[in-house]
């Protein structure tokens, strides 16, 4: 049985999409959604261009989730990769158990399963605002059925379980195929890879789970955001994937707005147990590493390549704005 703790920790890689908040629908409007099916080879999106002189850093914007079975092939991206000297990975945060991980997790599992519950024994009905619990109940009936055990979980873990079930039902997956393609090209052409992810290692998962269970976790805002994201993903995943696949930037801009999962990241990383791992502010440190890697690549290479979630590329004061402030020329896809 997969631990909800592990699910949330895995989410800290923030390959997870950050969906724009949408108004909560009345309970009566919630209905069973049909499975989204989009498959076949897609041409791929356009590329953002960051340059200084004749040195260029190309950025492929990515989206997740996408319909399962969707394949990706972008001739323009392949042409850029053919002359790329360095590939810079997107910023993010990951947590690893390290050596002996399977044995450590096996012994820690009972504690970790306990850690996903509210420490005071309360249920979701007791800890959530009435309107939010009504919304949860309607969605839970669709995607989790009569499972009563989840009602005892902390909001962030319950929302994560619901979201995973919704993606499964809708035929969606986080893997858009871009990472696997880049790995294959990099290995074949011996292209330098630069990681900008912050990695933290859990040496004692059982102790961490105990600490997590006892500590405060302000996750109601995250719970609301996760429900927003669920509804947005399931309703618009095919539109978003198709707009991305054909490089329709105006449509992507319409569908992809904001980063309302910041509340989830803060709820987890500002928790006392996670601060002990040095997780507080790790997302900002990772972005700083990414900006430094881009500086270095543009100084050293004629052509470099990287990926970023489209949402980060569309942020008004995000990473692209910071590159412009450094004096680089930044152009969106044509």
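The values are calculated or read from the model by the stated rules, or taken from the named source; none is laboratory data. These numbers were taken from a predicted model, which means no experiment stands behind them. A quick note on method: Cβ atoms are made from the backbone with ideal geometry, for glycine too, and the neighbour counts reach across all protein chains shown.
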Selection from the stretch 217-230 of residues in contact (Cβ under 8 Å) with a residue 60 or more places away in the chain and either in a loop (DSSP other than H, G, I, E, B) or under 16 Å from the mean Cα position of the chain (by Cα) (or both) yields 217, 219, 222, 223, 225, 226, 227, 228, 229, 230
The condition from (1) at pLDDT 95 or above; (2) surrounded by fewer than 20 Cβ atoms within 10 Å (Cβ to Cβ); (3) under 21 Å from the mean Cα position of the chain (by Cα) that residue 278 misses is numbered (1)
Among the residues of the stretch 143-160, is any in contact (Cβ under 8 Å) with a residue 24 or more places away in the chain, within 18 Å of the chain's Cα centre (by Cα) and within 24 Å of residue 62 (Cβ to Cβ)?
yes
Within the stretch 306-329, restricting to residues that are in contact with a helix residue (DSSP H, G or I) (Cβ under 8 Å, 6 or more places away or on another chain) and farther than 14 Å from residue 91 by Cα, the one that is surrounded by the fewest Cβ atoms within 10 Å (Cβ to Cβ) is 326
Residues of the stretch 65-74 being closer than 20 Å to residue 184 by Cα and either assigned to a loop (DSSP other than H, G, I, E, B) or under 16 Å from the mean Cα position of the chain (by Cα) (or both), in sequence order, are 69, 73, 74
For the stretch 252-298, the count of residues that are under 30 Å from residue 332 (Cα atoms) and part of a loop (DSSP other than H, G, I, E, B) equals 7
Those residues of the stretch 111-144 which are over 24 Å from residue 215 (Cα atoms) and not in a helix (DSSP H, G or I) amount to 144
Residue 247: passes all of (1) at pLDDT 80 or above; (2) at negative phi but (2)
Q. Buried (at least 21 other Cβ atoms within 10 Å of the Cβ), assigned to a helix (DSSP H, G or I) and touching a helix residue (DSSP H, G or I) at 6+ places or on another chain (Cβ under 7 Å) - does that describe any residue in the stretch 241-251?
A. yes
